[in-house]
Each structure stands twice: as structure tokens, then as C-alpha cells.
1. For segment 75-83, does any single residue satisfy the condition of being open to solvent by 40 Å² or more (accessible area, probe 1.4 Å), in a helix (DSSP H, G or I), aliphatic (A, V, I, L, M) and touching a residue at least 24 places away in the same chain (Cβ under 8 Å)?
2. Modelled with pLDDT of 90 or more and closer than 27 Å to VAL148 by Cβ, is that true of THR30?
3. How about segment 119-150: which of its residues are of a type in the set (Ser, Thr, Tyr) and farther than 14 Å from LEU161 by Cα?
4. Pairs under 6 Å by beta carbon, first residue more than 20 Å from LEU150 (Cβ to Cβ) in segment 126-139, partner of a type outside the set (Lys, Arg), six or more apart or different chains?
5. So, in segment 98-113, how many residues would count as being open to solvent by 40 Å² or more (accessible area, probe 1.4 Å), part of a helix (DSSP H, G or I), out of contact with any Ser or Thr (no Cβ under 9 Å at 6 or more places or on another chain) and farther than 23 Å from GLU160 by Cβ?
6. Return only the number of the condition from (1) open to solvent by 60 Å² or more (accessible area, probe 1.4 Å); (2) at pLDDT 95 or above that PHE61 does not satisfy.
7. Looking only at segment 135-167, how many residues end up being over 14 Å from LEU8 (Cβ atoms), among the small types (Gly, Ala, Ser) and either loosely packed, with under 13 Cβ neighbours inside 10 Å or at pLDDT below 95 (or both)?
8. Going by the conditions given, is PHE60 among the aromatic types (Phe, Trp, Tyr) and under 23 Å from GLN29 (Cβ atoms)?
Amino acid sequence: MLWTPLALLLDTVVFDDEVAEFGAIELSQTLLLLGSTAIFWLLAARRPAGRGFYVLVAGFFSCMIIREQDALFDLIDHGFWIYPATLMALFALVLAAFQHRSILPAMASATGSVPFNYILAGLAILLFFSRVMGTGGLWDQVLPNGHVSLVKNSVQESLELLGYIFIFYGTLLFQHGTRYETP
């Protein structure tokens with residue numbers, strides 16, 4: 001978890017940047033999410049007992065990667081990320097539909113596990129808490145003018161990175177915990 005403030009210092013002090021799209025924080029977010037996504041795609045390929053559920057998680061994480069790379073997709077057209085994300089979501093849903101019997105049992109088992117609680121906590125930090133703490137109106141009330149953007153972006157991106165760290169850690173624990181399940 002100490003990587004979060006270190007990455008922020010790298011972005012703001014060493015690279016003299018304001019938490020840019022291609023800085024240490026954003027790169028770390030992408031790599032952690034890519035690792036979690038790859039692990040769930042591998043689980044889907046190697047563990048038939050939970051394949052449908054693993055495909056849904058991997059597809060969701062894949063859509064998150066696409067969304068995180070919106071700056072790259074904006075080079076094509078602003079908001080273009082929605083098209084590849086929609087295709088990925090449809091692909092994952094169709095693939096999981098062929099394995100529909102393995103979704104609910106694996107989901108029930110996963111959501112009751114300690115490793116998956118890390119993933120859920122990471123998602124809560126990422127999707128909710130970072131958004132609330134990244135609200136400009138909140139920081140307008142707390143800080144003098146001129147500093148709001150840097151602080152807002154720093155806090156929001158750092159919390160997102162923390163969420164991704166929890167997700168990746170939970171994914172690693174989950175993979176290890178499911179290694180010995182019956183295929």
C-alpha cells in the first residue's frame with residue numbers, strides 16, 4: 001500500500017507532473033488491473049467448475065481496462081472507449097451464457113471467501129469512495145482557489161490505485177485458494 005504515496009510523489013515531484021494519464025499512478029493502475037484480468041481469464045480457461053463466473057469477472061475487469069485507457073481511445077474519437085468496452089461486455093456475457101451452470105455456485109463460493117472480500121473492498125474504494133473524494137465541490141470548500149485541481153486529482157487517483165492494489169492482492173489470494181479445487 002506504500003506504493004500509492006510513492007507513486008504520487010514520483011508523479012508530482014520527480015516527474016514534475018500533475019498526475020498525468022501516463023504517469024506512475026496511471027501506469028500502476030493499468031498494470032495491476034491487467035494482472036487481475038489475466039488471472040481471471042486464466043482461471044476461466046483452467047477451472048471449468050467456475051468458468052462462467054470467472055469469465056464474467058474477467059470480462060468486467062477487461063471493460064475496466066478499456067475505460068482506464070480512455071485517453072488512448074480519445075485519440076480516435078472522444079468517448080470511443082465505449083465501443084470496445086461494449087463489445088467486450090457482450091463477448092463475456094455470451095461466453096458466460098454457454099457456461100451458465102457454473103456461474104452461481106462459483107459466485108456463491110467466491111463471495112463467501114476472504115480473498116474475494118479484498119476484491120470487493122478494492123471495488124468499493126475504486127468505484128465509490130474515490131469518486132466521492134474526487135468531487136471538485138468538496139475540495140472547493142476545503143482548499144483555497146488554485147490548488148483544487150491538483151489535490152482533487154491526486155486524492156482521486158491515489159485512492160483508485162489503492163483500490164486496484166486491493167483488487168490485485170485479492171485476486172492473487174483467490175487464485176491461490178482455488179488452485180486445488182476439483183476441475
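1. Within segment 75-83, not a single residue is open to solvent by 40 Å² or more (accessible area, probe 1.4 Å), in a helix (DSSP H, G or I), aliphatic (A, V, I, L, M) and touching a residue at least 24 places away in the same chain (Cβ under 8 Å).
2. yes
3. Correct list: THR135, SER149.
4. Pairs found: LEU126/GLU160; LEU126/GLY163.
5. 6
6. Every listed condition holds for PHE61 apart from (1).
7. 4
8. Yes: the conditions hold for PHE60.
The values are calculated or read from the model by the stated rules, or taken from the named source; none is laboratory data. Keep in mind that this is a model prediction, so the values were computed, not measured. For neighbour counting, all protein chains shown are included, and Cβ atoms are generated from backbone atoms with ideal geometry for every residue, glycine included. What goes into the accessible areas is simple: the full protein's heavy atoms, side chains included, and nothing from ligands, DNA or RNA. Shrake-Rupley method; radii C 1.70, N 1.55, O 1.52, S 1.80 Å.
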